[in-house]
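Taking it in order: structure first as structure tokens, then the write-up.
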């Protein structure tokens, strides 16, 4: 089993570019469940088959166990050619050598890719994937409760937001915001907003940087938000689903993704007309709060024998035409700022877009994944700060565990 | 995962009891056939065991001495690293916590299963034919339920918002249980898992025990009654000695069965919340496959088998001694 050696040796010599050369070939695309909207898929398929003469086979993957499945697929002699990879997971796969170098695509197709989105696709200075789309959190609020509290307009700065929450607390019997103690991706956004890093290099190894005062500042902001909430301090936003709490109609706002608003509406139809969205405000009005830009990249398997065809596919699927169509159909953030005009008419996406430029991710190192495995030490840190421990004490208490996880063999 | 065999090991049969062919004396050639025939008959079973149990076991053993993660798997490189996976695991506090949790989990479940199983077995022996049939059918159905199907049913029963259990509890007046999250804490998750395990395991014990009681001669109870024995005494002095070997074998099998139970524990809450309901097999899976540290996972699974063997060593001796004792006893009776 381990003897078979796969080398990515495409015989490019007898292949010429152009439609004819790809005739009879089939390109396999692995995309996650829910990533490929119907019309987009149909149009991309048609355009790809017309331009290259090859067939496109889309295999939709389920989230459960996807990492192991991609690992196994990349180890095979006949892997899927193009794979959707979660952006935070891209560095780990890039480090294995299982992804093809796409640096030449970056120069042409990727000239204007939004830097904050492209970051995850680069590892060790090389381009190992192409940014596809992202989603980020916004404030989702209940207009009725805000009206009840007499709030006019949308807060433009963090202080204005806190003032609004204060008003709701004083003037209504509603909970101003639902903020459980362990909404870790929101904290990650605040950390990005403070320009802080969660890891640092020490003696050639990655170690925790949680004790950094800048992280402490981010957590202070988080604590202020949480002070307007009655949510449990030791739970994250999924237990219970914050959207379902919000759906009961007595919560002023929550920080969430657009699908969570849909969940809330599904649970309580009457809420639909009262739901509004706005960008999470930052320190000053000109710069929104930092956000976590969860999303997906498209990568080409190093073991694929159809490298050229795979690149042809990327050039079509990620062209302005189809990238824009995708944003329009799914309401996701496209990979270029210029294409955000396609989000018009989608209030959730319109509120999300302004934060993208200053958004970020978790540390883009292969070792990071292990840190987030439950029980996530950062969540433990959050709960202890909210329960009254100082930033320093709480950070010191979990740093050993973080370092242990960061030191796991790759 | 090994193939689960739920049959009790065949009771030793003395060769003398095997029927002797009364026909013509077999010739020399046929005697040779006779000698090879049993081996030939064993061959398919042995081959299957070797392919489906032996090969994975050996491969797993080899993996446990390798540094095998995403990179090595994708690049097809073999990095031997000696006992590093073992020393890392054994020096990991988490591993020992999980081990202790597995042992307690096994002990609690086995005790409950054996006690409930025995009681139901005795009940079967005392019921009238119609009720006995009904109960037996119910037991067999519970036993025949595929594991994942059973797990899914239990997940529905204990679902937070629309589960029957929460609804019934709320109707009965326990209002606070209306929205209770059964998989929210370690104890409540273990409660659901244990209930499921007990429910699927009790039939095996009960039916076996019932079968054992049918071998007890009625005269013994009459004799005991004549001697003035009450219900408890006749149970203690007549029933229990007969049931003892059955109980030992059942306990033996249940320990293995519970200790290595993977699908029940994993499917209910994937070892959550916060990895607090991971038993050793789940821990091996989460570390190995979940974290993509396949070598470490293999080492944990090998250690799991060794721990199970260590736990069983004492017990195995009792069972073997018991069988020996039976044998001499039977020999004595026969003589």
Can you sort B:161, A:137 from fewest to most other Cβ atoms within 10 Å of each residue's own Cβ?
B:161, A:137
Calculate how steeply helix A:66-75 sits against the longest principal axis of the alpha-carbon atoms of chain A, using the helix alpha-carbon long axis, and give the answer as 0 to 90 degrees to the nearest 10.
20
Please list, in order, the residues from the stretch B:79-104 whose amide nitrogen is less than 20 Å from a point placed 7 Å along the Cα→Cβ vector of residue B:307.
B:83-104
What FRET efficiency comes out for the pair residue A:387/residue A:315, r = Cβ-Cβ distance, R0 = 51 Å, nearest 0.05?
0.45
Can you give me the convex hull volume of the Cα atoms of the stretch B:135-260, divided per residue and expressed in Å³?
157
More than 23 angstrom separation, counting every C-alpha pair in the stretch B:57-203; what % is that?
62
Order of B:193, B:318, A:66 under a 10 Å beta carbon neighbour criterion, fewest first
B:318, A:66, B:193
In this structure, the FRET efficiency calculated for residue A:124 and residue B:159 from their beta-carbon separation, with R0 = 30 Å, to the nearest 0.05, is 0.05
To the nearest 10 degrees, how steep is helix A:391-406 against the longest Cα principal axis of chain A, on a 0 to 90 scale?
20
Kindly state, to the nearest 0.05, the FRET efficiency for residue A:51 paired with residue A:201, given R0 = 30 Å and r defined as their beta-carbon distance.
0.10
Run the numbers for residue B:111 and residue B:96: contour at 0.36 nm per residue of separation, minus the present Cα-Cα distance, in nm.
3.1 nm
Hey, fewest Cβ within 10 Å first, where do A:114, B:152 land in order?
B:152, A:114
If you restrict to DSSP beta bridges whose two residues both lie in the protein assembly as shown, what percentage is antiparallel, to the nearest 5?
70
Can you say what percent of the DSSP beta bridges in chain A, counting only those with both residues inside, are antiparallel? Round to 5.
70
Nearest 10 degrees is fine. How inclined is helix A:213-226 to the longest principal axis of chain A, computing both from alpha carbons?
60
When N counts the residues of the protein assembly as shown, how does its alpha-carbon radius of gyration compare numerically with 2.2 N^0.38 Å, as a ratio?
1.18
Separation between the residue A:171 and residue B:179 pseudo-spin-labels, each 7 Å from Cα along Cα→Cβ, expressed in nm?
2.7
Chain A: translational diffusion in µm²/s, Stokes-Einstein, Kirkwood Rh over Cα pairs, 37 °C, 0.692 mPa s
145
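Only the coordinates and a few stated rules stand behind these numbers; no lab work does. These numbers were taken from a predicted model, which means no experiment stands behind them. Every residue, glycine as well, gets a Cβ built from its backbone with ideal geometry; the counts of neighbours run over all protein chains shown.
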